[in-house]
């Protein structure tokens, strides 16, 4: 992962991307896509690629997610995703994330799906001194307007007391932080500097996860 502060060139996502997804919400069909995939390439994919390219010197290369949903095992057969995501991946089954849709811009980061070996290391760290540091840095993020999220167990994990001071964190199976901006004025011409600053604010969380959760040693096919 790239490190060090590098001023991102001013790159905007553009309001046309928001309009694209607002129309998609009305008619998410293959026929609509056939008539509008050119707009997707110009108004959505290209700006997201440009945004990630502007952020690459500081955060590393990113990828743009494909627009189509995997509907093979879903009752929901709508063919297209209702947002466009971009990710700078890290070894922790997650990374730095940005997304645009009909509701505007969302910036996020964290570990989105811990494998069993990662989850075991995470809980061990949360149970010990590193858990206090994690609790503190999450408080700082929350005070800065971030929403802490992630999948969690309904009950406490086995082996931990019900009165554990960090039981809420121990119940997590993934750990993320996100900010939802709606449609700010700077979305059209300077998304990059705002996303860059947000990702810098997330760096303490990412460093903690990389240090105490780390990369999985399990096969990606294992569930």
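Any idea which of 104, 109, 145 is within 21 Å of the chain's Cα centre (by Cα), within 19 Å of residue 206 (Cα to Cα), modelled with pLDDT of 95 or more and surrounded by fewer than 20 Cβ atoms within 10 Å (Cβ to Cβ)?
145
Which ranges mark the helices (runs of 4 or more DSSP H) fully within segment 1-94 that have 3 or more residues being over 19 Å from the mean Cα position of the chain (by Cα)?
Because the criterion is at least 3 residues that are over 19 Å from the mean Cα position of the chain (by Cα), the helices (runs of 4 or more DSSP H) in segment 1-94 that meet it are 15-26, 30-39.
Can you find even one residue in segment 121-136 that is at pLDDT 95 or above, farther than 28 Å from residue 218 by Cα and surrounded by 13 or more Cβ atoms within 10 Å (Cβ to Cβ)?
Checking segment 121-136: not a single residue is at pLDDT 95 or above, farther than 28 Å from residue 218 by Cα and surrounded by 13 or more Cβ atoms within 10 Å (Cβ to Cβ).
I'm trying to understand the selection: among the residues of segment 121-146, which are out of contact with any helix residue (DSSP H, G or I) (no Cβ under 9 Å at 6 or more places or on another chain), outside any loop (DSSP other than H, G, I, E, B) and closer than 19 Å to residue 109 by Cα?
136, 139, 142, 143 - these are the residues of segment 121-146 that are out of contact with any helix residue (DSSP H, G or I) (no Cβ under 9 Å at 6 or more places or on another chain), outside any loop (DSSP other than H, G, I, E, B) and closer than 19 Å to residue 109 by Cα.
The values are calculated or read from the model by the stated rules, or taken from the named source; none is laboratory data. What you see is a predicted model, and the numbers here were worked out from it, not measured in a lab. Neighbour counts are summed over all protein chains in view; Cβ atoms, including those assigned to glycine, are modelled from backbone coordinates with ideal geometry.
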